[in-house]
1. Which residue out of 182, 92 is acidic (Asp, Glu) and at pLDDT below 95?
2. For region 159-204, how many residues are among the charged types (D, E, K, R), over 16 Å from residue 228 (Cα atoms) and surrounded by 18 or more Cβ atoms within 10 Å (Cβ to Cβ)?
3. Every residue in region 165-177 that is touching a Gly at 6+ places or on another chain (Cβ under 9 Å) and closer than 25 Å to residue 284 by Cβ, please.
4. Consider region 258-276. How many of its residues are buried (at least 22 other Cβ atoms within 10 Å of the Cβ) and farther than 18 Å from residue 114 by Cα?
5. Anything in region 182-217 that is part of a helix (DSSP H, G or I) and free of Cβ contacts under 8 Å to residues at least 60 places away in the same chain? List them, or say none.
6. Of the numbered conditions (1) in contact with a strand residue (DSSP E or B) (Cβ under 7 Å, 6 or more places away or on another chain); (2) modelled with pLDDT under 80; (3) surrounded by 14 or more Cβ atoms within 10 Å (Cβ to Cβ); (4) not charged (D, E, K, R), residue 101 satisfies every one except a single condition; which is it?
7. Which of (1) touching a residue at least 60 places away in the same chain (Cβ under 8 Å); (2) buried (at least 22 other Cβ atoms within 10 Å of the Cβ); (3) not hydroxyl-bearing (Ser, Thr, Tyr) is the odd one out, the single condition residue 142 does not satisfy?
8. Which is over 17 Å from residue 285 (Cα atoms), aliphatic (A, V, I, L, M) and modelled with pLDDT under 95, of 147, 210, 159?
Amino acid sequence: MPAPEREMSFSAPVLLVCLVAVPLAVAGLVWLDRERRRRAVAWAPPALLPNMVSRPGRLRRHLPTALLLVGVALLLVGFARPKATYHVPSQEATLLLVLDLSGSMAANDTAPSRIAAAKAIANRYIEKAPKGYQLALVTFSDHVAVAVPPTHDFTQVRAALQRAHTGPQGTALADAVVRAVELGASVRGTQHGRRPPAVVVLLSDGGQTAGRYTPGQAADRARQERIPVSAILLGTPDGVVQQQLKGGYTERIQVPADPQVLQQIAGQSGGRFSGGPAAVDVAGTYDELGSRTGTRKKTIEVSAAAAAGGLAFMLAGGLLSGVWFRRMP
């Protein structure tokens with residue numbers, strides 16, 4: 001994984017002119033050292049000076065002063081308010097849950113029922129949603145409803161999911177996909193209004209009996225908007241629902257799961273098809289979505305770090321001078 005890109009800038013770059021004080025201080029110290037030696041020569045011949053005064057080693061003479069000057073330089077840099085800019089992964093994306101509430105979802109061939117299994121899968125997506133993502137919930141039977149528009153408040157999605165229940169027998173599946181794609185395409189991110197990536201997760205037992213759009217048209221629309229549809233099949237070919245009739249009679253209606261429409265939409269839109277709850281890969285969906293989020297700039301002011309470093313160097317220089325010479329440099 002490549003290292004994150006970093007850029008340095010300053011809020012008050014004009015104050016960096018103060019750094020000229022550091023080389024001036026160095027020049028002044030060199031001049032003072034030469035002047036001290038010149039005066040010493042005036043009192044005694046150079047050959048006798050080593051016998052009169054012990055001269056510390058070069059490291060001891062210069063290290064405390066060097067540390068002090070580095071500390072001053074860092075403090076002056078801190079006055080200019082340095083800022084570090086990082087390119088970090090963006091945490092903006094939208095996941096659109098599309099839940100089938102047609103009457104066939106009441107079948108119990110997927111324990112405890114198709115609709116209960118679908119809700120459990122949807123809750124897994126809610127629990128695993130990364131921070132910063134938005135979630136939406138679209139429900140459908142013979143008509144489509146936006147239960148929760150894209151939001152960062154996942155509690156709204158959980159509450160709407162809990163309230164959802166099966167209704168009429170009609171299935172406007174393609175219309176629901178188109179509506180979810182429209183929602184995903186309408187979201188605008190913080191990066192200059194650019195739309196964050198989105199994915200539709202369709203939970204259904206398949207088939208279509210109502211609506212204006214065909215599955216092919218829905219898939220084409222999703223592909224055009226670059227919003228893939230991951231379709232999850234609920235149910236088996238042996239699904240049955242019971243309907244109460246007048247007179248106390250019960251009618252058994254065959255509602256076999258139909259994977260063909262779901263496979264068509266998923267494949268044509270660039271998404272995934274899962275043939276049952278056990279095949280659902282929640283982490284994989286979020287990994288794929290995260291791979292399309294791109295990066296964003298994050299700027300942090302590091303004035304405090306520069307100041308702390310400057311004080312640390314000055315303290316170190318002062319301590320060394322006190323230990324070696326019993327004075328400050």
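1. Matching residue, one of 182, 92: 92.
2. Residues flagged as among the charged types (D, E, K, R), over 16 Å from residue 228 (Cα atoms) and surrounded by 18 or more Cβ atoms within 10 Å (Cβ to Cβ) within region 159-204 amount to 0.
3. The answer is 173, 174, 176.
4. 4
5. Result: 182, 185, 186, 215, 216, 217.
6. Every condition holds for residue 101 apart from (2).
7. Result: residue 142 passes all but (2).
8. 210
The values are calculated or read from the model by the stated rules, or taken from the named source; none is laboratory data. Just so we're clear, the structure is a prediction, and the values are computed from it rather than from any experiment. For neighbour counting, all protein chains shown are included, and Cβ atoms are generated from backbone atoms with ideal geometry for every residue, glycine included.
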